[in-house]
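The values are calculated or read from the model by the stated rules, or taken from the named source; none is laboratory data. Fair warning: this is a prediction, and the values are worked out from it, not measured in the lab. Positions of Cβ are backbone-derived with ideal geometry, glycine not excepted, and every protein chain shown enters the neighbour counts. We work out accessible area using only protein heavy atoms, side chains counted, and drop any ligands, DNA or RNA first. Shrake-Rupley method; radii C 1.70, N 1.55, O 1.52, S 1.80 Å.
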Amino acid sequence: MWAVGLVAVALVVIYCSHLIMKWKNPKIDGVLPPGSMGWPLIGETLQFIAPGRSLDLHPFVKKRMQKYVIWELYGPIFKTSLVGRPIIVSTDNEINKYIFQHEGTLVELWYLDSFAKFFALEGETRVNAIGRVHRYMRGITLNHFGVESLKKSLLPKIEDLLHTNLSKWATQDPVDIKQVISVMVFNFTASKIFGYDAENSKEKLSDNYTRMMNSFISLPLNIPGTSFHQCMQDREKMLKMLKDTLMERLNDPSKRRGDFLDQAIDDMETEKFLTVDFIPQLLFGILFASFESISTILTLTFKFLSENTRVVEELAAEHDAIVRKRENPDSRLTWEEYKSMTFTQMVVNETLRISNIPPGLFRKALKDFQVKGYTVPAGWAVMLVTPAAQLNPETFKDPVTFNPWRWKDLDQVTIYKNFMPFGGGTRQCAGAEYSKLVLSTFLHVLVTRFRFTKVKGGDVSRTPFISFGDGIHIKFTAKN
Ligand code: HEM
């Protein structure tokens with residue numbers, strides 16, 4: 001009997017070894033880049049989510065860049081596997097730019113892929129359907145957050161929002177800056193998108209979103225008790241709330257207010273993919289794209305400013321000069337004043353350069369294609385690590401040191417080639433102008449009307465998204 005048992009164990013071991021070998025050496029036509037696929041299913045996910053304790057490139061990427069460049073002719077490009085998916089990682093900006101330029105032909109966003117089958121019209125290819133939905137999403141975002149809206153209506157509203165919130169924080173004990181900014185930015189963006197009224201709403205939606213962000217990259221184990229399960233529940237709750245708001249407006253037109261959601265409702269007539277199930281997903285996606293990024297960048301700005309008093313002094317000089325030039329010093333910030341903020345733009349660029357909120361941008365290969373002698377197989381994910389160029393010491397000396405003055409000496413070609421905080425190609429961020437305006441206006445209101453000191457905190461790590469440990473606690477006081 002024990003012999004039968006032994007044979008069974010041996011067969012299981014042989015079968016498992018076979019699976020592991022197959023996992024580690026996937027069969028494809030062509031040559032895969034170097035790299036390890038890690039363990040079956042989890043791949044190298046644990047190494048990927050292990051915290052990196054500085055603002056430098058996440059150690060997962062940095063270690064592999066160093067390892068593979070030694071015997072790589074063209075590197076650094078490597079293969080790995082994360083959360084159950086095989087991935088090609090590119091830290092080479094030339095390859096990244098090439099891939100950005102071939103959206104829709106070589107690669108596409110992987111999240112759109114799963115939607116494609118739902119909204120393709122009869123006879124329409126998947127790629128065309130994705131293109132149509134993508135153009136719509138981009139257009140509607142630019143319509144509500146692009147330059148024209150900023151100039152026409154958003155600039156004074158943003159200035160008011162910042163003034164009101166900073167004045168409130170100045171009356172309080174030190175505030176955890178990431179927490180208060182997240183709530184402020186979420187509530188403002190959600191009010192512009194679907195009329196969310198934070199003061200009178202039972203649900204604190206900003207809490208839901210923050211929790212979701214914290215478990216965004218986790219093992220996809222949808223069982224109670226895991227952070228992935230919590231993330232899915234928060235997402236469902238949020239989508240339900242968005243759908244309820246949509247149905248309310250469809251059933252009672254007096255509830256309409258001319259915002260982002262109302263434009264989507266109007267467009268339901270002409271764009272067949274705008275169904276009552278898809279619109280909540282669209283709103284959810286725009287909120288997701290907008291709120292965490294701005295609040296993280298603003299929080300980092302406080303870290304950098306509190307460690308660099310010379311920067312604060314030069315900012316104050318620039319903004320005091322703007323106020324002095326006005327006939328009425330209390331008048332509103334104008335578009336022309338915003339565009340004249342030379343040093344402020346350097347501060348914003350420097351913060352964006354170092355921050356790199358996501359570890360990379362994800363795509364899915366539509367077909368097999370070659371980059372510098374390697375094959376990227378159809379169906380594999382591709383991670384474009386744009387932060388690698390922004391933190392390259394050959395282009396940006398002491399790359400993790402916050403030095404806004406470095407932008408004085410950088411020429412346009414170097415900037416174009418190496419600085420991509422808002423992505424590239426046809427998918428470049430539709431909220432880029434809005435974000436830069438919020439960051440600059442924040443600095444304007446802050447240095448002209450308030451003083452601040454860091455009371456405690458300031459540790460930053462990459463997990464691989466940026467996180468702030470015990471937070472950064474700031475005490476504000478109003479200037480007389
Ligand atoms: C500092 C703040 C922000 C940063 C650093 C940022 C960064 C990015 C990046 C890197 C992409 C490209 C993603 C990819 O190629 O996979 C992107 C796309 C996008 N972002 Fe932002 N973003 C910011 C704020 C915002 C805001 C405030 C909004 C909305 C109001 C927004 C809306 C979008 C949209 C709609 C896309 C998709 C564009 C497309 O596919 O055509 N973003 N963002």
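Taking the range 240-337 as the region of interest, none of the helices (runs of 4 or more DSSP H) fully inside it holds 3 or more residues being closer than 30 Å to L352 by Cβ, within 16 Å of the ligand (Cβ to nearest atom) and over 28 Å from the mean Cα position of the chain (by Cα). Of the listed requirements (1) in contact with a strand residue (DSSP E or B) (Cβ under 8 Å, 6 or more places away or on another chain); (2) open to solvent by 10 Å² or more (accessible area, probe 1.4 Å), L300 misses just one: (2).
Regarding K339, is this residue open to solvent by 40 Å² or more (accessible area, probe 1.4 Å) and charged (D, E, K, R)? Answer is yes for this residue. Counting only helices (runs of 4 or more DSSP H) wholly contained in the range 144-214, the ones carrying 3 or more residues that are under 19 Å from S440 (Cα atoms) occupy 155-170, 177-194.
Please state which one of L246, L221, L274, L250 is aliphatic (A, V, I, L, M) and at pLDDT below 90.
Exactly one residue qualifies, and that residue is L221.
Taking the condition within 22 Å of T401 (Cα to Cα) and touching a Leu at 6+ places or on another chain (Cβ under 9 Å), does R462 pass? Criteria met by R462. Cβ-Cβ contacts under 6 Å between residues 6 or more apart (or on different chains), taken from a first residue in the range 273-301 that is within 14 Å of T245 (Cα to Cα) to a second residue that is among the basic types (K, R), are listed as P280/K243. Whenever a residue of the range 386-414 is closer than 27 Å to G425 by Cβ, its partners that are of a type in the set (A, V, I, L, M) and open to solvent by 30 Å² or more (accessible area, probe 1.4 Å), lying with C-beta atoms within less than 8 angstrom and at least six residues away or across chains, give the pairs T386/L361; A388/M65; L391/V400. Scanning the range 387-401 for residues that are away from the ligand (no atom under 16 Å from the Cβ) and of a type in the set (A, V, I, L, M, F, W, C) returns F396, V400. Restricting to the range 425-440, count the residues that are within 7 Å of the ligand (Cβ to nearest atom) and farther than 14 Å from V185 by Cα. So the answer is 6. In the range 415-424, of all residues being within 8 Å of the ligand (Cβ to nearest atom) and open to solvent by 20 Å² or more (accessible area, probe 1.4 Å), the one that is nearest to R135 (Cα to Cα) corresponds to F422.
Quick one: count up the residues across the range 51-98 that are of a type in the set (D, E, K, R) and at pLDDT below 85. Residues in the range 51-98 being of a type in the set (D, E, K, R) and at pLDDT below 85: 1 in total.
Within the range 131-161, the set of residues being of a type in the set (V, I, T) and either surrounded by fewer than 16 Cβ atoms within 10 Å (Cβ to Cβ) or out of contact with any helix residue (DSSP H, G or I) (no Cβ under 9 Å at 6 or more places or on another chain) (or both) comprises just one member, V147. A search for C-beta distances below 9 Å between a residue of the range 347-370 that is near the ligand (Cβ under 9 Å from one of its atoms) and any residue that is open to solvent by less than 40 Å² (accessible area, probe 1.4 Å) and of a type in the set (K, R), counting only pairs 6+ apart in sequence or on different chains, returns N356/R462. Residues that are of a type in the set (D, E, K, R) and buried (at least 17 other Cβ atoms within 10 Å of the Cβ) were ranked within the range 162-205; the one that is farthest from G471 (Cα to Cα) is K192.
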